[in-house]
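Reviewing the structure listed below.
Every read-out reported here was derived from the displayed coordinates using simple, explicitly stated rules and does not represent laboratory data. Everything numeric here is computed off the predicted structure, so don't read it as measured data. We place every Cβ from the backbone using ideal geometry, glycine too, and count neighbours over all the protein chains shown.
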Amino acid sequence: MKQNHLIPILFACFLALPICAAEKPNVVLIYIDDLGYGDLGCYGCEDIPTPHIDRLAKEGVRCTASYITNPPCCPSRCSLIMGQYGQRFGKYGMSRGLPIPEDRPTMAKYLSDNGYVTGHIGKWDIGSKIQGPLQVGFAKVAKNPPRKTYRQAKQTAKKNKKGNNSKYFCINREGKEQWLTDYDGDSMVDFIATHKDEKFFLYWSPEAVHSSHRETPESLSGRTTAKPNRRKLAGGIVSVDDQIGKLLNVLEKHNLRKDTLVLFSSDNGANGSEGGSSAPYTGGKGQGTQKEGWVRVPTIFSMPGTLPQGKEYHGLLANFDFYSTIAKLTTGKIPQHCDGKDLFTYFTGTQPGDAHEYLFWLNNEPGDAERRHLIAVRWQDWRLYKKYDKDPWQLFDLQADPREEKNLAAKHPELVRQLAAKHAVWAKTLAPLGKIPETEKTDTRVPKGHGWNLAKRKGKAGRN
Ligand SMILES: [Ca+2]
């Protein structure tokens, strides 16, 4: 019977799903600033509607143990773009201005060298002052639109000497005020419509939802049921969700949804001072930077037809896995310098268990804010951490105690010893603390205006 022959063929195809997919898919990487683990509908949030991000999860893989090993903004992004623990290139804390290495390709350069049109929209905060997006592998970057100017400093998002510029209202090409996140979404649509017939890699890393949200209009906040302490932030998250809606629309319009990996994540945990939530975990930005909520972030991979849909993946992974996963998907191989794994093999079940048996933290740069110091290990359900070298280790069972209220170090000394020993072995493989160059006068990071800035060298983005 023909039907009987068909079943094994279909089954074989299912097992080899990534191979059956488009040969060179597009990639849209979305990296939200300070978005907490508990602030999306698909992660249990009830007061902020996020239907489009929830749809990504429904049509993809929702990761429940996705980590930032190098918080906050700057180190997180450096680790992401290099596909490595930041300590592999001497980054042990914020260290803004520390160059990213040039002896190994950034994610953008790797994809550019493999025939991709590479574009960036939004906040950069990577590398030294002369390492802007156009210098490290992006072919085009959305210009930074002019911001609305307030007459009185007290109305601005930032009270500083530079003037009364808005953080979240820009002036668009038509001369009208527009919410910056919304403007970014239009830029995403423009990029995809322009490059729909090529293979593209788009990296959107908005200012959203970094503080301060004091300008958030009621037209956004009013769509939530959030309480006053998080109502402004909630409006900012609603706008992010709107842009995911635009993104899905433009992909569908050009029949690219199945040919495009959409990867959605956050650069570090929730900002408690804005009312951000790490639920069911505790901690986050500003206060609680030794706790789980500072480093565990929402992460969704969506690629219908290639990845399973509506799946939850509970294995340990980190943001440096994104590079390896994207490289494997687009080129079939992973650059040698990468610390990450091809997550698709775990999502599709080809590989069982955690993508990483252990994840490590060593964020103790002498010049960084001490409140962010963190030395830690994750293994299975366990979290071992301390703030300073001299401190005793604390051990928590995150499954039984997600709020980290019961230190079990005294109860499990052998486990503490084993995990600490693993950390010590890992730490020996790292580079020494990097030095930030003293003077670099040229700042090439964020061009001003509307439209796109292009890399100078035709056919080959970046400096080398
Ligand atoms: Ca951040």
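For the reader, a short list of remarks on this structure follows.
- Counting every other Cβ atom within 10 Å of each residue's Cβ, 314, 120 order from fewest to most as 314, 120.
- Dipole in debye (nearest 20) - the chain, about Cα centre, beta carbon charges: Lys, Arg +1; Asp, Glu -1: 1320
- For the stretch 21-100, the dipole from Cβ point charges (+1 on Lys and Arg, -1 on Asp and Glu) about the Cα centre works out to 480 debye, to the nearest 20.
- Axial C-alpha extent at least 18 Å, average Kyte-Doolittle at least -0.5 - helices from the chain (DSSP): 2-15, 180-194, 228-253, 413-427
- When 181, 350 are sorted by how many other C-beta atoms sit within 10 angstrom of their C-beta, beginning with the fewest, the order is 350, 181.
- Vicinal HN-Hα couplings computed from phi for the stretch 284-296 (Karplus, 6.51 cos²θ - 1.76 cosθ + 1.60; Hz; Gly/Pro x): x, 5, x, 10, x, 7, 9, 9, 4, x, 7, 10, 9
- Taking 334, 68 and counting other C-beta atoms within 10 Å, the order from fewest to most: 334, 68
- Summing charges over all other residues whose Cβ lies under 14 Å from the Cβ of residue 406, with Lys and Arg as +1 and Asp and Glu as -1, gives -2.
- Pairs of alpha carbons in the stretch 345-439 whose separation is greater than 20 Å (percent): 47
- Close amide H partners of residue 148, meaning residues 5 or more places away or on another chain with modelled amide H under 5 Å apart, are 166, 169, 170, 171.
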